[in-house]
Amino acid sequence: MSKLVSEIEKVKEIKAPEWAKFVKTGAHKERPPVQENWWQIRAAAVLKKVEKFGPVGTNKLAKQYGGRKNRGHKTEVKYDGSRNIARKILQQLEAAGLIKQTTVPKAGKIVTKKGKEMIKKTEE
């Protein structure tokens, strides 16, 4: 995965927005991420998830990145991850030409030939 992250960091379309250093990745989290390149790590993970589970959309990715919220004495409840982060990363990956929109067999994003080549190159 670290090879894929380094390849993603080279793509100029994929960069964290200004608000990314202040935002939590979901309602189940208490604090924002501390890694400097967490946006690129998430983009690489989203690219792999689109390849594995595609066609996928924002809601499915938000569920994938969700978790259990600690509510004190009350029982833990599952919360989805941030849809905004998932949406922005999908938009950036699409702008970079690594994924594309499809409607067959169902609507969602799938990996393009360029994206598959990048994944295959980093797995070797």
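Tell me, yes or no, whether the range 95-114 has at least one residue that is under 24 Å from Glu18 (Cα atoms) and either without any contact (Cβ under 8 Å) to a residue 12 or more places away in the chain or of a type outside the set (A, V, I, L, M) (or both). Steps first, please.
If we filter the range 95-114 for residues that are under 24 Å from Glu18 (Cα atoms), which is where we start, we get 95-99.
Right, trim to either without any contact (Cβ under 8 Å) to a residue 12 or more places away in the chain or of a type outside the set (A, V, I, L, M) (or both) and you get 97.
Yes: the range 95-114 contains one or more residues that are under 24 Å from Glu18 (Cα atoms) and either without any contact (Cβ under 8 Å) to a residue 12 or more places away in the chain or of a type outside the set (A, V, I, L, M) (or both).
Do any residues in the range 62-76 that are touching a residue at least 24 places away in the same chain (Cβ under 8 Å) have Cβ atoms under 8 Å from those of residues that are among the β-branched types (Val, Ile, Thr), where the two are at least six apart or on different chains, and which pairs are they? Within 8 Å, the pairs are Tyr65/Thr25; Tyr65/Ile85; Arg68/Val77; Lys69/Val77. State the number of residues belonging to the range 107-124 that are among the polar types (S, T, N, Q) and in a helix (DSSP H, G or I). Here the count works out to 1. Total residues in the range 41-64 satisfying the condition of being in contact with a Lys or Arg (Cβ under 8 Å, 6 or more places away or on another chain) and not charged (D, E, K, R): the figure is 11. Kindly establish whether Arg31 is touching a His at 6+ places or on another chain (Cβ under 8 Å) and either farther than 23 Å from Gly108 by Cα or aromatic (Phe, Trp, Tyr) (or both). No, not satisfied.
Counting only residues that are in contact with a helix residue (DSSP H, G or I) (Cβ under 7 Å, 6 or more places away or on another chain) and either assigned to a helix (DSSP H, G or I) or crowded, with 17+ Cβ neighbours inside 10 Å (or both), the range 1-47 holds 18 of them.
Taking only the range 53-106 into account, find how many residues are aliphatic (A, V, I, L, M), surrounded by 13 or more Cβ atoms within 10 Å (Cβ to Cβ) and part of a loop (DSSP other than H, G, I, E, B).
Final tally of qualifying residues: 2.
In the range 107-124, which residues are within 14 Å of Gly54 (Cα to Cα) and surrounded by 16 or more Cβ atoms within 10 Å (Cβ to Cβ)? Scanning the range 107-124 gives Gly108, Lys109, Ile110, Val111, Thr112, Gly115.
Every number here is computed from the coordinates shown, using simple stated rules; none is lab data. Given the structure is predicted, the values throughout are model-derived calculations rather than measurements. Note that each Cβ is placed from the backbone with ideal geometry, even for glycine, and that neighbours are counted across all protein chains shown.
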